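Down below is the structure, laid out as structure tokens.
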Amino acid sequence: MKVLVIGGGGREHAIVWALAKSPRVSEIVCAPGNAGIRQVCLHNSNRPVRCVPVDAGDLAAMLDLVQAEHPDLTVVGPELPLSLGLVDALQRLELRAFGPTQAAAQLETSKSFAKEFMRHHDIPTAAYAVCTTLAEVRQELPRFSAPIVVKADGLAAGKGVVICQSHAEAEHTAAQMFSGALLGSVETYVVLEEFLNGEEISFFALCDGKHAVALAAAQDHKRLGEGDTGPNTGGMGAYTGDGLLSAPMEQWLLNNIAQRVVDEMALDGTPFHGILFCGIMMVPQRDGTTQPMVLEFNTRFGDPETQAILMRLQTDIVDLFDAAIDGSANKLTIQMRPGTSVCVIAASHGYPGKYTSGLPISGLDSVHDPDTVVFHSGTALKDGAIVTAGGRVLGVTAVSSPSSSASSALQDALGKAYGTLGGISFQGMHFRRDIGWRALRDGL
Ligand code: AMP
Ligand code: GLY
């Protein structure tokens, strides 16, 4: 079958890499793709992979591409095309597409929608207020004690959440969101939220409109600097492994969050198909137990979590996509390679602020370990050479050896990823050296 993948980051590279292993796939087209995606067929299989320079944010251009390519399946990676209704448009053309409709994607594209949904359906989340004016913000603020989390309603590429240390800062931030001064676009809704303390987990469920099944849990590292310091980024690294969540906790998240979302979305007439990414804060309670609380929903695979997760996925990824589209996820057995995998992001100097692109990358040809893959996040080809083309540039991803013990699996995967990263360089390359630090601290 011919598969079209929409997107051009590390997540899409990992999806294309997994598709290229499937005996069911004969051809892959990626829009817009990147320099690493172009090379997948050279390294991993004899299935042709083509990148086409179509912007994932241009709905009309994507539909033209679909009409020209006639894919048997379209997989939508990022949130932007979901928010534009790409899956709805493909369904109207009676084409198979993996991902939620525009209405179902509101769980991610509107924070006020997600918060009201959780409140109506008793899904644990932080106390909040949705405000439409600054006067409402002033009225609601006294209910919250600092720090206060102020969130823009819509998609904001990771910049729409500000943790404010005082009421004055919260009011100022909300004012800037309403005026457009903060994000460049005017917000109609601003969400004020109670600050939650704890450890964050990304929990991924595959959903088919009726059933949610657990895919994996991962831990992202959102801050730029070691020890979780500095500004928030799209994610500087992630790990996934057997010890991250206990089996009872995974079952709790599945039953009380993911399956409840799927049930209620179906009842509301907006069935959810695709990946439900639950951003969870594990909040310690006074009695020693842990209460998982939902920070946010995303309606797609995470980046860089996906790079780590797909390195361990043993089930054919096309079977996952088919099950989500056809309503048969409950019949699917998802097999993961035992052990741990990690993804370490190499970013451009200046990221998440301004950075320079077009810098040559060296050392990419020296990776020969089958348990390590360098996924490209922001790269391009210039005069035949691979150059930087984004804030996050590479995601060096490694999986532990089957022979490593449970206690050494993370160290094993980290050793491979950092060993590989040591041979790669570009001017100003920055990466965190402490991916997985919480798990190492906890002896997982
Ligand atoms: P979101 O886009 O809602 O996931 O927010 C981005 C990041 O902000 C999350 O990954 C958390 O690190 C942080 N965050 C969001 N909401 C809260 C909250 N209520 N309490 C503490 N941190 C939060
Ligand atoms: N890694 C966080 C995200 O994909 O939103």
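So the values come out like this:
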{"quantity": "Tabulated pairs, the stretch 101-112, first within 16 Å of ligand 2 (Cβ to nearest atom), second part of a loop (DSSP other than H, G, I, E, B), C-beta under 6 angstrom, 6+ apart or interchain", "calculated": "105/299; 107/299; 108/299; 109/155; 110/153; 111/153"}
{"quantity": "Residue that is farthest from ligand 1 (Cβ to nearest atom) [pool: residues in the stretch 177-198 that are outside any loop (DSSP other than H, G, I, E, B) and either hydroxyl-bearing (Ser, Thr, Tyr) or open to solvent by less than 60 Å² (accessible area, probe 1.4 Å) (or both)]", "calculated": "179"}
{"quantity": "Considering residues of the stretch 219-253 that are within 16 Å of ligand 2 (Cβ to nearest atom) and not in a strand (DSSP E or B) only, the residue most open to solvent (accessible area, probe 1.4 Å)", "calculated": "222"}
{"quantity": "Close pairs from the stretch 269-295: first more than 20 Å from residue 115 (Cβ to Cβ), partner of a type in the set (Phe, Trp, Tyr) and away from ligand 1 (no atom under 14 Å from the Cβ), Cβ under 6 Å, at least 6 apart", "calculated": "275/204; 275/301"}
{"quantity": "Selection count, the stretch 115-153, where residues are outside any strand (DSSP E or B), within 14 Å of ligand 1 (Cβ to nearest atom) and of a type in the set (S, T, N, Q)", "calculated": "1"}
{"quantity": "Subset of the stretch 339-398 (residues that are without any contact (Cβ under 8 Å) to a residue 24 or more places away in the chain and acidic (Asp, Glu))", "calculated": "365, 383"}
{"quantity": "Residues being of a type in the set (Ser, Thr, Tyr) and closer than 30 Å to residue 269 by Cα - total across the stretch 117-152", "calculated": "3"}
{"quantity": "Looking only at the stretch 154-176, and only at residues there that are under 30 Å from residue 285 (Cβ atoms) and in a loop (DSSP other than H, G, I, E, B), the one that is most open to solvent (accessible area, probe 1.4 Å)", "calculated": "165"}
{"quantity": "Residue 79 of a type in the set (Asp, Glu) and open to solvent by 20 Å² or more (accessible area, probe 1.4 Å)", "calculated": "yes"}
{"quantity": "Counted residues, the stretch 435-444 - those being assigned to a loop (DSSP other than H, G, I, E, B) and either under 20 Å from the mean Cα position of the chain (by Cα) or surrounded by 17 or more Cβ atoms within 10 Å (Cβ to Cβ) (or both)", "calculated": "3"}
{"quantity": "Any hit, the stretch 174-195, residues being under 30 Å from residue 440 (Cβ atoms), aromatic (Phe, Trp, Tyr) and either more than 16 Å from ligand 2 (Cβ to nearest atom) or in contact (Cβ under 8 Å) with a residue 40 or more places away in the chain (or both)", "calculated": "yes"}
{"quantity": "In the stretch 255-294, residue farthest from ligand 1 (Cβ to nearest atom) [restricted to those that are surrounded by 21 or more Cβ atoms within 10 Å (Cβ to Cβ) and under 15 Å from the mean Cα position of the chain (by Cα)]", "calculated": "274"}
{"quantity": "The stretch 71-91, residues that are assigned to a helix (DSSP H, G or I) and under 19 Å from the mean Cα position of the chain (by Cα)", "calculated": "79, 80, 81, 82, 83, 86, 87"}
{"quantity": "Checklist (1) modelled with pLDDT of 95 or more; (2) out of contact with any His (no Cβ under 9 Å at 6 or more places or on another chain) applied to residue 182, failing item", "calculated": "(1)"}
{"quantity": "Residues (open to solvent by 60 Å² or more (accessible area, probe 1.4 Å) and charged (D, E, K, R)) located in the stretch 343-380", "calculated": "354, 365"}
{"quantity": "Looking only at the stretch 6-42, and only at residues there that are within 16 Å of ligand 2 (Cβ to nearest atom) and in a strand (DSSP E or B), the one that is nearest to residue 396 (Cα to Cα)", "calculated": "7"}
{"quantity": "Among residues of the stretch 286-331, those that are part of a loop (DSSP other than H, G, I, E, B) and among the small types (Gly, Ala, Ser), counted", "calculated": "4"}
{"quantity": "Filter pass, residue 377 being within 27 Å of residue 50 (Cβ to Cβ), among the hydroxyl-bearing types (Ser, Thr, Tyr) and touching a strand residue (DSSP E or B) at 6+ places or on another chain (Cβ under 6 Å)", "calculated": "yes"}
{"quantity": "Residue among 344, 387, 393 that alone is closer than 30 Å to residue 213 by Cα and assigned to a strand (DSSP E or B)", "calculated": "344"}
{"quantity": "Check on residue 171, over 30 Å from residue 317 (Cα atoms), away from ligand 2 (no atom under 16 Å from the Cβ) and touching a strand residue (DSSP E or B) at 6+ places or on another chain (Cβ under 7 Å)", "calculated": "no"}
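The values are calculated or read from the model by the stated rules, or taken from the named source; none is laboratory data. Note that this is a predicted model, so its numbers are computed, not measured. Cβ: placed from backbone, ideal geometry, glycine included. Neighbour counts: every protein chain shown. For the accessible areas, the whole protein counts, side chains as well, though only heavy atoms, and no ligand, DNA or RNA atoms are used. Shrake-Rupley method; radii C 1.70, N 1.55, O 1.52, S 1.80 Å.
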